[in-house]
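A quick write-up on the structure given underneath.
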Amino acid sequence: MIPMDEKGQLSVEVILFVAIILFIVLGVGVFVNEQSVKNSIATAVRFGAENGTTEMGISNPGTLPVKVNGIQMDGTKKVTIHLSREVNPSEKNTILKSVQRSLSSQGYSGITVSIS
């Protein structure tokens, strides 16, 4: 027969072990969720910028091509788009409108987008 205090000790150890595992899983889950949100925002921004540059090319056949070279993020509230060439204010406005449409269609708001 097992004495009562040994049985109680086993149950405390199991509870602590389960608590540690749960803590680790939750910690990893929070990190993965943040990365997933950043990836979704970056994808929406790139998609919107590429749609905007395509729209410029269709509406103004004489314009030089513009390529999205990269997306830089500072957290989840500030995004900078790096383009292959300088764009004039009208082109910049077209791209920014397209990016905002893309972000809002994915359910994101309050994100500051700039072009460099």
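The values are calculated or read from the model by the stated rules, or taken from the named source; none is laboratory data. Since this is a predicted model, take the numbers as computed values, not measurements. With ideal geometry, Cβ positions are generated from the backbone for all residues, glycine too; neighbour counts draw on all protein chains shown.
Which residues, counting only those in the range 84-107, are under 20 Å from S40 (Cα atoms) and either modelled with pLDDT under 90 or among the hydrophobic types (A, V, I, L, M, F, W, C) (or both)?
Matches in the range 84-107: I95, L96, V99, L103.
As an exercise: evaluate T112 against (1) touching a strand residue (DSSP E or B) at 6+ places or on another chain (Cβ under 7 Å); (2) surrounded by 15 or more Cβ atoms within 10 Å (Cβ to Cβ); (3) within 23 Å of E34 (Cα to Cα); (4) not basic (K, R) and give the number of the one condition it does not meet.
In the conditions (1) touching a strand residue (DSSP E or B) at 6+ places or on another chain (Cβ under 7 Å); (2) surrounded by 15 or more Cβ atoms within 10 Å (Cβ to Cβ); (3) within 23 Å of E34 (Cα to Cα); (4) not basic (K, R), T112 misses (2) alone.
Where residues in the range 82-104 are among the hydroxyl-bearing types (S, T, Y) and within 14 Å of the chain's Cα centre (by Cα), which of them is nearest to I58 (Cα to Cα)?
S102
Scanning for something charged (D, E, K, R) and within 26 Å of the chain's Cα centre (by Cα), does the range 6-29 turn up at least one residue?
no
Among S90, S105, which is the only one that is touching a residue at least 60 places away in the same chain (Cβ under 8 Å) and either in contact with a Pro (Cβ under 7 Å, 6 or more places away or on another chain) or not aliphatic (A, V, I, L, M) (or both)?
S105
Has the range 91-105 got any residue that is in a loop (DSSP other than H, G, I, E, B) and either crowded, with 16+ Cβ neighbours inside 10 Å or among the β-branched types (V, I, T) (or both)?
Checked against the condition, which is being in a loop (DSSP other than H, G, I, E, B) and either crowded, with 16+ Cβ neighbours inside 10 Å or among the β-branched types (V, I, T) (or both), the range 91-105 yields no hits at all.
Is the range 47-54 home to any residue that is outside any strand (DSSP E or B) and without any contact (Cβ under 8 Å) to a residue 24 or more places away in the chain?
Yes, that holds for at least one residue.
For the range 28-59, enumerate the residues that are touching a strand residue (DSSP E or B) at 6+ places or on another chain (Cβ under 9 Å) and of a type in the set (D, E, K, R).
The answer is K38, R46, E50.
Output the residues belonging to the range 1-31 that are within 30 Å of M73 (Cα to Cα) and at pLDDT 85 or above.
F23, I24, V25, L26, G27, V28, G29
Please state which of the following conditions L64 fails to meet, knowing it meets all the rest: (1) farther than 15 Å from G48 by Cα; (2) touching a His at 6+ places or on another chain (Cβ under 6 Å).
If we test L64 against (1) farther than 15 Å from G48 by Cα; (2) touching a His at 6+ places or on another chain (Cβ under 6 Å), just (2) comes out false.
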